[in-house]
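Presented below is the structure to which this report refers.
The values are calculated or read from the model by the stated rules, or taken from the named source; none is laboratory data. Being a predicted model, the structure only gives us computed values, none of them experimental. Cβ sites come from the backbone with ideal geometry, for glycine too, and all protein chains shown count toward neighbours.
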Amino acid sequence: MSSQLLRLIPVSLVTFIIYIVFTGSITPYDIVTGVAIAALTAALFSHLLVENTSKSLNPIRLLWLIIYTLYYFTIIEMKAHLDVAKRIIHPKMPLNPGIVRVPYNVGTEYAIVTIANSITNTPGTVVVDLDEDKKIFYVHWIDVKGVEPETTYKNISMTFEKYAKKIFD
Amino acid sequence: MIELVKTILFFIGMGLVGLGAVFDLIGALGLLRFPNFFVRLHAATIGAIGGAVYPLIGVALMAPSLESFGQYRWYLMGGAIITALFIVLAAPTGSHALARATHRAKVVPVEPKVVDHLEEDRG
Amino acid sequence: MIEEYLEKILWTYMFFVIIATFGVSIYGIVFRPNMLKKIIALTIFGDTANVFMIFIGYRAIYPIKPPVLWTSHPDKNVLNTFVSQSIDPVPPALVITAIVINMAITLLITFLAIQAYRLYGSLDVRDLSKLKG
Amino acid sequence: MNLESLATTYVIIIIPVFLTAFIIYIIRAVKGPSVPDSVLAIDALSYDAAAFMIILAIYFKSPFLIPGAIILAIWAYALDIFVAKYYEKKELGE
Amino acid sequence: MKTREKILLALIIISLALLAVILSFGALGAVPLKTIRPLGSFYLYFMANNNIVIQEIYPSITKPSDFWAASTEGITAILWDYRGLDTLFETSVFFFAIIGSVSVFRYYSVSLEEKNKKNTNNSSTNTKTSGQGLSLIVKLITRINFVVIIAVSASIAFHGQLTPGGGFQGGATLAVAPLLAIAALSRYFVEDVGLKKNTMLTIRTLGLLIIGLLALTPLIMGFAGGNPYIMENQPKSWAMFIGFPSFGLGVLLGSLAFYNMAELLAVGAGFTVVFLLLTLPEEFFKKILSREVGKQ
Amino acid sequence: MFYLLHLIMLVLMMSIGFVFAFLAIMERDLLKAVVFSAGQAAAYVIVYYLLMSPDIVLAYAAIGVGIYSAVMIIAIKKTERYEKV
């Protein structure tokens, strides 16, 4: 019973933060309506979103999430953007595309989705499909450097998986 | 001190907005030039992340310095941040959903290609 | 001087585009045989009418703002500046009502079209008009 | 020159770049040999229009113009999911 | 395209183009005016102002608070206050369109167990990860997006009297949640969560009822003083009842905020009903239809 | 000068809306017509924005881009995709 109630906390917190940030002001009216909406959303959706409460309230994981976001959007993303931009502007368009297998070794849904969206958000790689039983992503890669699982894993998803394990697993 | 930080953030924001405009143009060009749907997905990613998320974050960084907006500059900042957050979540998912459906329904062939393991595994 | 003429030409072109869109959507409503295509044309017609309505409430001045006041305790200067910069709020308020009613009608017609397809197996008005009873 | 007039001038320089990009997206959306191509172009167009709307709010000096941006982004995502569902499943409710 | 159609199309376009030229050279006046029309200016002056400061512009009005809509947002002020009855009936039009749709599609709810009984090979009934809907990534992101969508739509609707937005806009934003759930997670999931057709219709009717009661409040309270009025925030100088409390919890808070909340509920639930009806599986529908046709 | 910049943006967006509307009416593949009509709605959203009506942007972006397209896609899935000539 108490775990059921604890589960409400992360969802309601996230809803409240989004509500206040989008509103952009902190008057008593905003706080009252925000708390009401947060409670309602948590009651409706917490069982769909949270499985392990202790994990979701762990500050170290949150810190890793922030570090990963900063690192991802400043360095990894910028490199990939420049690479694909070069291919677009180049008059001959050097393309070498193909769909390759990329293995992953994480268990939870959140970790899988973090890796998959990180791959897709990086220009140059798009997750076309995934196989949950064999633990494989099928990734469309703009410049196929090799088809072996080791090569693809090293080139595409190693960094993401390292952080995803720290954040969600 | 706070003024200095605000000014630095303002110029970083301006840089991000300009970068976003350039990436937007490049993404559009890529969408036009690339030969096939699956390759165009990468150009669309540039358009969505480089062309929308970076300028939105840039506007959010610029917002605290815009004094004439008064109280409502936090409204501008919050709207920009939440929109950026939503696009970060939604754009890759939309691309993935479209790619998977297109590959399953065989609407367009995967041409040119070096290798297609998904086709092999599905048989 | 040149700007005035340019402005006039651009406004004329704008009205031409609006009315050409009207013409195209009327063509779609009248001549296209498929019911769903007729519904799409109907929504385009409604949207263009709404855009035209908003143009009537627009003002040709430079610092132009939406009709939203910044403070709930305005003094005289704030009010005068606000009224001199804001658009006319009446047409947007009418258009919101129009959008909602358009949407309700479109939903109802779509339901009817799907039901007609289930009963008669066709969405072509030429086929449907041949049915008896 | 204070920061705000600098921002306004900067946005005036940015606007034509965005408009050019919009036109190129539209060429792809019109040409697009298959439906997913058009959807992809309109999708990217919508996300960029959302960003464009928020940038223009600085130029018009009115913060009240921005909430439309997130709505446009949300519904562009919904359009994606619907077209994907159309191709993938027999029935849209499944 | 036949020749006759081509000629007709050309005629339509040419005549309309002539109309365009006539319009832009002054049939409606120069259409984008430089000045503002008197009615619009009146609304803009009075919607957020109950002071005496506008006596110079409108000297004949001795009590400006009679026209005060308690909203800093012009369009919401007009929608729910100056033209409140229009909006009430517009909401009713949407309501009756949904009632009409429900009566066109005779419908009973289809649960997931019933569906799985038919295809016995599909053994898993776990709605989160079974074969329903799209891939795992889309499912999880859609579930996360519910939180964003609900927070954003609530913010838009609850601040309708301060910033752009309002009940209908918030409700139309909220409608994306059931729509995405139906597409990405399947309609059986939506019904299993508890958003069934009849529940939604009840919520929708409840929202409309709240709007009606709010509109009637000044009337009921005004009967005590003998001078009732309907549907408005504005305190009337002739009525005993002085209008809704205007400031509360630190912001402008007339009746408009409550109208917007009720409208959010009504519109969101109404759209859910429409999408649940539209995504009814065709095979079940065919069965119902054949049974009904057979009876006659 | 500034006013002309607004006007040019408006003219461009209205022309884009017209192109999409024309294609949506003339296309025989109904699914493509729906996608074009969503593009027309996106162009009109920017027109409404430039005409300074944020409330209409909110309402119309939801209805024009989203609900019309979704309802039409469902209807096409339930009925038929190609228009007979």
Please find, within the range A:10-24, the residue that is surrounded by the most Cβ atoms within 10 Å (Cβ to Cβ) out of those that are more than 15 Å from B:Y72 (Cα to Cα) and β-branched (V, I, T). A:I18
Is it the case, given these coordinates, that D:Y47 is among the aromatic types (F, W, Y), outside any loop (DSSP other than H, G, I, E, B) and at pLDDT 90 or above? yes
Does the range D:80-93 contain any residue that is within 10 Å of chain E (Cβ to nearest Cβ) and within 23 Å of F:Y49 (Cβ to Cβ)? yes
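Results for (1) crowded, with 22+ Cβ neighbours inside 10 Å; (2) more than 10 Å from every other protein chain (Cβ to nearest Cβ); (3) under 26 Å from the mean Cα position of the chain (by Cα), shown as yes or no for each residue.
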residue	(1), (2), (3)
E:Y43	yes, no, yes
E:M47	yes, no, yes
E:E56	no, no, no
E:A69	yes, yes, yes
E:E73	yes, no, yes
E:L79	yes, no, yes
E:E90	no, no, yes
E:F95	no, no, yes
E:F105	no, no, yes
Whether any residue in the range A:17-29 is at pLDDT below 85 and part of a helix (DSSP H, G or I) is what I want to check. no
Considering each residue of the range F:22-76, count those that are among the basic types (K, R) and within 9 Å of chain D (Cβ to nearest Cβ), and give that number. 1
From the option list C:L128, C:L108, C:L123, single residue qualifying as modelled with pLDDT of 90 or more, closer than 20 Å to C:I40 by Cα and in contact with a Ser or Thr (Cβ under 8 Å, 6 or more places away or on another chain) is C:L108
When restricted to A:V113, A:V127, A:V100, the only residue over 29 Å from A:R61 (Cβ atoms), of a type outside the set (D, E) and crowded, with 19+ Cβ neighbours inside 10 Å is A:V100
Are any residues in the range C:42-64 surrounded by 24 or more Cβ atoms within 10 Å (Cβ to Cβ) and under 24 Å from E:I7 (Cα atoms), and if so, which ones? C:I44, C:T48
Scanning the range D:43-66 for residues that are farther than 19 Å from B:G20 by Cβ and of a type outside the set (S, T, N, Q), the one surrounded by the fewest Cβ atoms within 10 Å (Cβ to Cβ) turns out to be D:K61
Given (1) facing another protein chain (nearest Cβ under 7 Å); (2) of a type in the set (S, T, N, Q); (3) closer than 21 Å to E:I78 by Cβ, identify the lone condition not met by C:N34. (3)
Of those in the range D:23-36 that are closer than 14 Å to B:G27 by Cα and surrounded by fewer than 24 Cβ atoms within 10 Å (Cβ to Cβ), the residue nearest to the other protein chains (Cβ to nearest Cβ) is D:I24
Go through the range A:99-116 and give me each residue that's of a type in the set (V, I, T), at the interface with another protein chain (Cβ under 7 Å from one of its Cβ atoms) and either assigned to a strand (DSSP E or B) or touching a Lys or Arg at 6+ places or on another chain (Cβ under 8 Å) (or both). A:I99, A:V100
Going by the structure shown, is C:L10 at the interface with another protein chain (Cβ under 7 Å from one of its Cβ atoms), more than 30 Å from E:S246 (Cα to Cα) and assigned to a helix (DSSP H, G or I)? yes
Conditions first: (1) of a type outside the set (S, T, N, Q); (2) facing chain B (nearest Cβ under 10 Å); (3) not in a helix (DSSP H, G or I). A:P94 passes all but one, so which condition is the exception? (2)
Residue within the range A:96-114 that is closer than 21 Å to E:V138 by Cβ and among the acidic types (D, E) present: yes
Evaluate the range A:60-71: report whether one residue or more is out of contact with any strand residue (DSSP E or B) (no Cβ under 8 Å at 6 or more places or on another chain) and within 28 Å of B:L32 (Cα to Cα). no
Those helices (runs of 4 or more DSSP H) lying entirely in the range E:151-261 with at least 1 residues among the β-branched types (V, I, T) and either under 16 Å from E:L79 (Cβ atoms) or within 14 Å of chain F (Cβ to nearest Cβ) (or both): E:167-174, E:176-185, E:197-225
Scan the range A:25-44 residue by residue and report those that are surrounded by 18 or more Cβ atoms within 10 Å (Cβ to Cβ), touching a residue at least 24 places away in the same chain (Cβ under 8 Å) and farther than 16 Å from B:I82 by Cβ. A:A42
Conditions: (1) under 30 Å from D:I58 (Cβ atoms); (2) under 20 Å from the mean Cα position of the chain (by Cα). C:L42 meets all but one. Number of the miss? (1)
Would you check if C:P67 is buried (at least 21 other Cβ atoms within 10 Å of the Cβ), more than 7 Å from chain E (Cβ to nearest Cβ) and at pLDDT 85 or above? no
Suppose we keep only residues that are farther than 24 Å from D:Y77 by Cβ and touching a residue at least 24 places away in the same chain (Cβ under 8 Å) within the range D:37-61. Which one would you say is farthest from the other protein chains (Cβ to nearest Cβ)? D:Y59
Consider the range A:130-169. How many of its residues are surrounded by fewer than 17 Cβ atoms within 10 Å (Cβ to Cβ) and at the interface with chain B (Cβ under 9 Å from one of its Cβ atoms)? 3
